[in-house]
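Trainee: Right, I'll just put the structure down here and ask away after.
The values are calculated or read from the model by the stated rules, or taken from the named source; none is laboratory data. Since we're looking at a predicted model, the values are computed, not measured. Backbone-built Cβ (ideal geometry, glycine too); neighbour counts: all protein chains shown. Surface accessibility is based on the protein's heavy atoms, side chains included, excluding ligands, DNA and RNA. Shrake-Rupley method; radii C 1.70, N 1.55, O 1.52, S 1.80 Å.
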Amino acid sequence: MLKSLAAAFSFALAFVAAPLAHAQLRVNVEEGHLNPMPIAVVDFLGANPAASQVGGDVAGVIRANLERSALFRAIDRGAFIERIQAMNVPPRFADWKIIDAQALVIGEITPQPNGRISVDVRLFDVFGEVELRPFSTSTTADNWRRVAHLVSDHIYEQLTGERGYFDTRIVFVSETGPRTRRVKRLMMMDQDGANPFFLTGSDAMVLTPRFAPSTQMITYLSFETGAPRVFLFDLNTNRREVLGDFPGMSFAPRFSPDGTRVVFTLDMSGNAEIYSMDLRSRARTRLTNHPAIDTGPSYAPDGSRITFESDRSGSQQIYVMNADGSGQRRISFGEGRYATPVWSPRGDLIAFTRQNSGRFSIGVMRPDGSGERILTESYLDEAPTWSPNGRVIMFFREGRGQGARLWSVDLTGRNLREIPTQTDASDPAWSPLLP
Amino acid sequence: MRRALVAFSAVAALAACASRPDPTPTTTPTTPPPAERPQGPVAGSIEDFRVSVGDRIFYGYDRYDLTPEARQVLERQAAWLRQYPNVRILIAGNCDERGTREYNLALGARRAAAARDYLASLGVAANRMETVSYGKERPLDPRSNEEAWSVNRNAHTQIVSGAVS
């Protein structure tokens, strides 16, 4: 016992002392998809059969997360040579080099006396033969998927140098029933489609949910009082309230980055204008004043500017203005109509829906309108939402005469994937990283 | 017109052939049939408005201006509404699926407002009319083709109260 402790200690020392001479193991998020990093994620060890089961499940979710990013290729467990049996024994790097694993992840689930589990993870650069930063957490046993997402974010951050996005949720609109009498309900799920649950009933049609930065509040549109109205939904209390008792209809809401305001469209008499409302004082400020349709507002992450769409030029185009409504300027000049601008959480890009020659696309451009890139195209692609690290965009896609489904695409445009949902689904909104 | 009538009677004849012969009524109806009344819906009823006047007008792609046909229907609606001054209406603007959701909510509101404003110009009091937009959320025709889209771009005048029942 003492001997093994001593061995573990000197082993740990060896790693602490290891010089950082060798170049850091890195996946480039811009080009990693061309040559995904082979990574070995070993089923996490467990002190008893139940813990081993959880360990296998956690490793499976981590592998799936990393694969979906397209930056990593999870090596098939059948190819593993070394059988990891203890956390504190150094891996035989040669065994992992042979199967070309550039990174190795091992972990252990330890049941605690209070019914919780603790999770410890070690991450190795195989060819550099060094350990990268380890990760530990503890949680309730039924929260193992969350643990898998946290570990995935840790691995992603260590190997890409960017924030992860796996420990996040999606709020969206679940669609059922015939197209002429569609039932639309708010639904929440994990970023990978797991753990779905309904937030609203089938009595009123709801559209366009969006997260507050706190992740505990959403804003959305509901027809429950007849006309479309912006609502707030507190996920802690399940309390819903109308944003304001305006004449006409209110729609297209989004929170400000600090969560103190909601920017939205108010149409009192057939003219849609953009307003922002202070959630404490409930004072509203008019930001546009034009007979055209002005809608779809979205704040820059620093709160200083707002992008929106307007047809004041004769067709839908994207504009940027200061947060007080001044300095309105058109930024989209490509072919077709541009709609639903959404500012990236990194601030560097604006995602949009483009409609051109009877097809719909998701694309991105810089906030000055330059660098436009089209990422997808189909019969109907609409409503982009950003992963919190600004690398992946989720949206909904409808085939001709078919129901809507959720899809994601990364900024390379080459990693297009459907997100599994039990019903048809539209209007996704990606949460910030969970607290 | 004559061709339409011929077609109609052909359809009616087909329908008659297809359906089984009417069974002899075994119970006497509790209310006598309104034999003295002319055929068609009751004057001043919701059905009367829908059938005799027309409750829906249609728009061009991404348009909210009123076509000559739409104006004719609205003129009939206005005349009918002047005749039944207790009737209150809700005008719902609708769009086809070939646009983004929030833009279509705004476009539907414009369509409803265009219909309301024309009715108001024809003497229908503003306080009898409300508008709403359903954007692209409530298609009349579920198909994805030009024919369906042209039908789904409409303003639908619904009677809320005050009609003869």
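Trainee: Answer with yes or no whether A:HIS154 is within 15 Å of the chain's Cα centre (by Cα), in the same structural domain as A:PRO38 (by TED's automatic domain parsing) and part of a helix (DSSP H, G or I).
Mentor: So A:HIS154 does not fit the description; no.
Trainee: Using beta carbons and a limit of 7 Å, which pairs, at least six apart or on different chains, have the first residue in region A:361-384 and away from chain B (no Cβ under 13 Å) and the second one basic (Lys, Arg)?
Mentor: Partner pairs satisfying both residue conditions: A:GLY363/A:ARG354; A:GLY363/A:ARG373; A:VAL364/A:ARG373; A:ILE374/A:ARG354; A:GLU377/A:ARG359.
Trainee: Would you confirm, using the coordinates I've provided, whether A:PRO209 is in contact (Cβ under 8 Å) with a residue 60 or more places away in the chain and closer than 22 Å to A:ASP267 by Cβ?
Mentor: For A:PRO209, the condition - in contact (Cβ under 8 Å) with a residue 60 or more places away in the chain and closer than 22 Å to A:ASP267 by Cβ - is met.
Trainee: Being part of a loop (DSSP other than H, G, I, E, B), open to solvent by 50 Å² or more (accessible area, probe 1.4 Å) and in contact with a strand residue (DSSP E or B) (Cβ under 8 Å, 6 or more places away or on another chain) is the filter here; which residues of region B:36-57 pass it?
Mentor: Once the filter is applied, which keeps residues that are part of a loop (DSSP other than H, G, I, E, B), open to solvent by 50 Å² or more (accessible area, probe 1.4 Å) and in contact with a strand residue (DSSP E or B) (Cβ under 8 Å, 6 or more places away or on another chain), region B:36-57 yields B:VAL42, B:ALA43.
Trainee: Another one. Could you count how many residues in region A:177-196 are away from chain B (no Cβ under 14 Å) and closer than 19 Å to A:PHE231 by Cβ?
Mentor: Residues meeting the conditions: 3.
Trainee: Looking only at region A:341-363, count how many residues are surrounded by fewer than 23 Cβ atoms within 10 Å (Cβ to Cβ) and either acidic (Asp, Glu) or closer than 23 Å to A:PRO213 by Cβ (or both).
Mentor: 5
Trainee: Continuing with the same structure: Considering region A:384-410 alone, what residues qualify as being open to solvent by 20 Å² or more (accessible area, probe 1.4 Å) and within 21 Å of A:PRO301 (Cα to Cα)?
Mentor: A:PRO388, A:ARG391
Trainee: Ok, one more. Restricting attention to region A:163-177, which residues are of a type outside the set (Lys, Arg) and either part of a strand (DSSP E or B) or at pLDDT below 95 (or both)?
Mentor: Scanning region A:163-177 gives A:ILE170, A:VAL171, A:PHE172, A:VAL173, A:SER174, A:GLU175, A:THR176.
Trainee: Taking strands (runs of 3 or more DSSP E) that do not extend beyond region A:214-309, which have at least 3 residues that are within 14 Å of another protein chain (Cβ to nearest Cβ)?
Mentor: Output list reads A:217-222, A:249-255, A:261-267, A:272-278, A:294-299.
Trainee: Right, here's the next one. Go through A:ALA79, A:ALA74 for me and flag whichever is in contact with a Leu (Cβ under 8 Å, 6 or more places away or on another chain), aliphatic (A, V, I, L, M) and free of Cβ contacts under 8 Å to residues at least 40 places away in the same chain.
Mentor: A:ALA74
Trainee: Another one. What about A:PHE198, is it crowded, with 19+ Cβ neighbours inside 10 Å and either outside the structural domain of A:GLY327 (by TED's automatic domain parsing) or among the aromatic types (Phe, Trp, Tyr) (or both)?
Mentor: In short, no.
Trainee: Quick one: which of A:ARG239, A:ARG284, A:ARG280, A:ARG261 is open to solvent by 10 Å² or more (accessible area, probe 1.4 Å), in contact (Cβ under 8 Å) with a residue 40 or more places away in the chain and not polar (S, T, N, Q)?
Mentor: A:ARG284
Trainee: Taking the residues in region B:102-147 that are among the aliphatic types (A, V, I, L, M) and surrounded by fewer than 18 Cβ atoms within 10 Å (Cβ to Cβ) as candidates, determine which candidate is nearest to the other protein chains (Cβ to nearest Cβ).
Mentor: Residue satisfying both the conditions and the ranking: B:LEU140.
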